[in-house]
Amino acid sequence: MNTKLKEIIDNIEEKGCLYEDALKEARARQEVLAKPTGALGALEDISIQLAGITGKVKNSMKRQAVVIMSADNGVVEEGVASAPQSVTLSQTINFTRHYTGVSSMAKYFGIDLLVVDTGVKLAIPASLYTDEMIAYTAKMPHLTDKIVNRRIADGTRNLAKEPAMTEEEALRALMTGMEAAKAVKDCGYDIFGVGEMGIGNTTTSACVLAALCGKTGDDVVGRGGGLNDEGLAKKIHIVDEAIKGLDPGLVMDILTKTGGFDICAMTGAFLGAAYYRIPVVIDGYISAVAALCACRLAPNAINFMFGSHLSKEKGYLIAVEALGIKPYFNLGMRLGEGSGCPISFKIIETACATMNGMATFAEGAIDADYLEEGKKGNFF
């Protein structure tokens, strides 16, 4: 393993635990807030996990960002995608115009985007590029409103015929994700989400997931953006062939041979969240696969992750079950882009509001004796 990557992983495993004192204090506060214990369900769990991350019982998650990694995938030559690769270019540009699903939500809620080109095949106009992850204003630094140029190549190679990328390219992409997480930290954001754009990346993510979890193509392959029956059968076959002989324990080898620049960079962003101790939200299928890669490299990375929506993509449940994370809502979404993240941010804000603003029984002068029977299992 690369020396720098090993240092990152070792740091996460040494320092990436949740703060136990804050966890205990947060649990204790939830026990005495004016409600039956557990009545707020996942909102309680979220507030407690946040305390473990920050070391504070009361938290604010108002400064939010979504990091989007864009790249193309050579495997589309095999007919596994229903959309042309020109869509990757168009949507990467449209993120900065707030014309896409996630960017329209971000504009409405005042959420910042960090759009990174890690390997879009078609040329992005030079006027839209920047080499800086951070822009500066008179008041404070912020994430750039242009497309950050971290282009590794014009898309990956065709994984059905050869390894998708070299080891050096995979590491470059992963470190780009680490750099993005650092930018989020340096700009003072409280929380960020991880999304993507790349035609063909449901195929690459299916390969990575199948290899990590010992699954078949049929287990993990869906129709992506709308593949027909013939295309679906071919996609399943390609996944089955691509994962032959891969070792589930060699994450970087799996990413190198069957992944995409976007998935590698997203993996780095999830590792960066743990390394810099920032709460991070998983979007849908591709995001969940990248999160799983990060956790297989550094198990403590899971401590900093939060769910979002229940993706309709077939392999999603396999990925989140392997992670041990449950989605917070089901709107039938399957867009990608990080589109589940803004909605999840609002749920997480709600968790903070209840922890911060609710009175305890003592503060509210409420008689809590009626709950004692419920605690014995009689009522609740």
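The values are calculated or read from the model by the stated rules, or taken from the named source; none is laboratory data. Because the structure is predicted, anything quoted here is derived from the model rather than measured. No Cβ is skipped: glycine too gets one built from the backbone with ideal geometry, and neighbour counts run over all protein chains shown. Only protein heavy atoms, including side chains, enter the accessible area calculation; ligands, DNA and RNA are left aside. Shrake-Rupley method; radii C 1.70, N 1.55, O 1.52, S 1.80 Å.
A 1.4 Å probe run over the protein chains yields, for the chain, 41 Å² of accessible area per residue, whole-number rounding. For the residue pairs LYS257/LYS326; LYS58/LYS185; LYS62/LYS107; LYS314/LYS346, the C-alpha atoms sit more than 22 angstrom apart in LYS257/LYS326; LYS314/LYS346.
Using alpha carbons only, how many angstrom separate the centre of the range 281-331 from the centre of the range 28-71? What the calculation gives is 17 Å, centre to centre.
Lys and Arg at +1, Asp and Glu at -1: add these up for the other residues within a Cβ distance under 14 Å of GLY101 and post the number.
On the way: positive: ARG97, LYS107, ARG334; negative: GLU196, ASP283, GLU337.
Around GLY101, the surrounding residues sum to 0.
Loop-resident chymotrypsin sites (Phe, Trp or Tyr not before Pro) (DSSP state other than H, G, I, E or B) in the range 1-110 with no more than 14 further Cβ atoms inside 10 Å of their Cβ: TYR99.
A Gaussian network model of the chain, with springs between Cα atoms under 10 Å, assigns the largest mean-square fluctuation among PRO125, PRO141, PRO342 to PRO125.
For the chain, the carbon plus sulfur part of the accessible surface works out to 52%, probe radius 1.4 Å. Give the aspartates and glutamates reachable from LYS312 as a straight Cα distance under 13 Å; neighbours fewer than 8 places away on the same chain don't count. Straight-line reach from LYS312, under 13 Å: ASP283. Annotation: aspartates and glutamates with alpha-carbon distance below 20 angstrom to LYS6 (same-chain offsets under eight excluded): GLU14, GLU167, GLU168, GLU169, GLU179, ASP247, ASP253. The translational diffusion coefficient of the range 160-290, from Stokes-Einstein at 20 °C and 1.002 mPa s with a Kirkwood hydrodynamic radius over alpha carbon pairs, comes to 142 µm²/s.
When the dipole is taken about the Cα centre of the range 72-155, and only Lys, Arg (+1) and Asp, Glu (-1) are charged at their Cβ, what size is it in debye, to the nearest 20?
340
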